[in-house]
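A.B. asks: Right, I'll just put the structure down here and ask away after.
The values are calculated or read from the model by the stated rules, or taken from the named source; none is laboratory data. The shown structure was predicted, so the numbers you read here are calculated from the model rather than taken from an experiment. With ideal geometry, Cβ positions are generated from the backbone for all residues, glycine too; neighbour counts draw on all protein chains shown.
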């Protein structure tokens, strides 16, 4: 899908044709759409295709007529009936006439610009637009990291009484997401630091200030991801032991119940044998005596186990 936007009289307008100063937003474009944009903007089609590869690394390349920036952005996907956080590439190509964004799916980072939720946004101020995208990206990473933290706390509350592995599997998925985020943020950091050395990016003082804000926001996201990774790893180790201990307690309880219930069964079995001489076997109140004795021994055994905290 291709969407074309252009700021006119301070308002973002949707356009049908590619014109100078416009923003071309490409979301999972088809091959004919890639060819069309490549022909109209004179940008190599291979550079347009690159961000559509999920394994594409974050980088910045300066060509003769345009600059290519690829960064990793966070997204949420459904996998095996669970939500998981991953990263996908976002390509930004800036030329003298146009600014192009290419992504595999709709992202809230770009949607916030389309919906007019970003102040001081103009499609013809291409350098500032790029920095605003990168700032929103770092902020989105922080937002997703907070969601991961809240999700991990929710799972922890369940783990206190759990004897199953499903909660640990959920924590493992969150830990994997944090690994993806940490790797992506570090790759983005390299791109941002390289942008500091490109004179075209630092053309205006306010743009340089914004770039420094983006770098600070990205570093903060890296620190948060590292902290949450450490906490989550320790939590998984601790609760793996807790789950094992909970299972041991269940087995101990069942073993104690089995022993207590086996006492009256064993006594009844003795008196059910077909022998002539059984103590109290011919007594008038033999059944009551045997039953009472079995119940008494069972109660004493249960009290002993209770004091030993087997129950």
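A.B. asks: Could you please tell me which pairs satisfy a Cβ distance under 6 Å, a separation of 6+ or placement on different chains, a first residue in the stretch 224-242 that is in the same structural domain as residue 186 (by TED's automatic domain parsing), and a second residue that is modelled with pLDDT under 75?
C.D. replies: Once the first residue is in the same structural domain as residue 186 (by TED's automatic domain parsing) and sits in the stretch 224-242, its partners that are modelled with pLDDT under 75 give 239/159.
So that you can scan it fast, the table gives a plain yes or no per residue for (1) at pLDDT 90 or above; (2) part of a helix (DSSP H, G or I); (3) over 23 Å from residue 207 (Cβ atoms); (4) out of contact with any strand residue (DSSP E or B) (no Cβ under 8 Å at 6 or more places or on another chain):
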site	(1), (2), (3), (4)
89	yes, no, yes, no
92	yes, no, no, no
113	no, yes, no, no
121	no, no, no, no
124	no, no, no, no
162	no, no, yes, yes
170	no, yes, yes, no
175	no, yes, yes, yes
187	yes, yes, no, no
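A.B. asks: Give the residue that is surrounded by the fewest Cβ atoms within 10 Å (Cβ to Cβ), with candidates limited to residues of the stretch 11-30 that are more than 20 Å from residue 90 (Cα to Cα) and in contact (Cβ under 8 Å) with a residue 40 or more places away in the chain.
C.D. replies: Just the residues of the stretch 11-30 that are more than 20 Å from residue 90 (Cα to Cα), to begin with: 11-21.
Add one more test, that the residue is in contact (Cβ under 8 Å) with a residue 40 or more places away in the chain, and what stays is 12, 18, 20-21.
Working: 12: 17, 18: 17, 20: 10, 21: 15.
Out of the qualifying residues, it is 20.
A.B. asks: So, residue 133, is that one in contact (Cβ under 8 Å) with a residue 12 or more places away in the chain and surrounded by fewer than 17 Cβ atoms within 10 Å (Cβ to Cβ) or not?
C.D. replies: Details: in contact (Cβ under 8 Å) with a residue 12 or more places away in the chain: yes; surrounded by fewer than 17 Cβ atoms within 10 Å (Cβ to Cβ): no.
No: the conditions fail for residue 133.
A.B. asks: Additional query: Identify, from the list 65, 77, 33, the residue that is in the same structural domain as residue 151 (by TED's automatic domain parsing), exposed (fewer than 14 other Cβ atoms within 10 Å of the Cβ) and within 35 Å of the chain's Cα centre (by Cα).
C.D. replies: On the way: 65 fails: within 35 Å of the chain's Cα centre (by Cα); 33 fails: exposed (fewer than 14 other Cβ atoms within 10 Å of the Cβ).
That would be 77, the only listed residue that is in the same structural domain as residue 151 (by TED's automatic domain parsing), exposed (fewer than 14 other Cβ atoms within 10 Å of the Cβ) and within 35 Å of the chain's Cα centre (by Cα).
A.B. asks: Same structure, new question: Being under 19 Å from residue 110 (Cα atoms), surrounded by fewer than 16 Cβ atoms within 10 Å (Cβ to Cβ) and assigned by TED's automatic domain parsing to the domain that holds residue 92 is the requirement here; does residue 54 meet it?
C.D. replies: Yes.
A.B. asks: Okay, next question. Would you point out the residue of the stretch 47-87, among those that are in a helix (DSSP H, G or I) and out of contact with any helix residue (DSSP H, G or I) (no Cβ under 9 Å at 6 or more places or on another chain), that is nearest to residue 151 (Cα to Cα)?
C.D. replies: Here is the first cut: in the stretch 47-87, the ones in a helix (DSSP H, G or I) are 47-52.
With out of contact with any helix residue (DSSP H, G or I) (no Cβ under 9 Å at 6 or more places or on another chain) added as a condition, the list becomes 50-51.
On the way: 50: 33, 51: 30 Å.
Top of the filtered list is 51.
A.B. asks: Could I ask something else about it? Would you point out which residue out of 119, 150 is more than 22 Å from the chain's Cα centre (by Cα), surrounded by fewer than 20 Cβ atoms within 10 Å (Cβ to Cβ) and farther than 24 Å from residue 190 by Cα? Break it down into steps so the answer makes sense when it comes.
C.D. replies: Details: 150 fails: more than 22 Å from the chain's Cα centre (by Cα).
Sole residue among the options that is more than 22 Å from the chain's Cα centre (by Cα), surrounded by fewer than 20 Cβ atoms within 10 Å (Cβ to Cβ) and farther than 24 Å from residue 190 by Cα: 119.
A.B. asks: A further question on this structure: Considering 19, 30, 101, which residue is within 21 Å of residue 140 (Cβ to Cβ) and modelled with pLDDT of 85 or more?
C.D. replies: Values: 19 fails: within 21 Å of residue 140 (Cβ to Cβ); 30 fails: within 21 Å of residue 140 (Cβ to Cβ).
The unique qualifying residue is 101.
A.B. asks: Sticking with this one: Assess whether residue 192 counts as being touching a strand residue (DSSP E or B) at 6+ places or on another chain (Cβ under 9 Å) and at pLDDT 80 or above.
C.D. replies: Values: touching a strand residue (DSSP E or B) at 6+ places or on another chain (Cβ under 9 Å): yes; at pLDDT 80 or above: yes.
Yes: the conditions hold for residue 192.
A.B. asks: Restricting to the stretch 267-288, and then to whatever is surrounded by 11 or more Cβ atoms within 10 Å (Cβ to Cβ) and part of a helix (DSSP H, G or I), can you tell me which residue is modelled with the lowest pLDDT? Walk me through it before giving the result.
C.D. replies: First, pick out the residues of the stretch 267-288 that are surrounded by 11 or more Cβ atoms within 10 Å (Cβ to Cβ): 267-268, 270-271, 278-281, 283, 286-287.
Checking which are part of a helix (DSSP H, G or I) leaves us with 267-268, 270-271, 286-287.
Numbers: 267: 78, 268: 77, 270: 73, 271: 70, 286: 65, 287: 70.
Looking at the filtered set, the residue picked out is 286.
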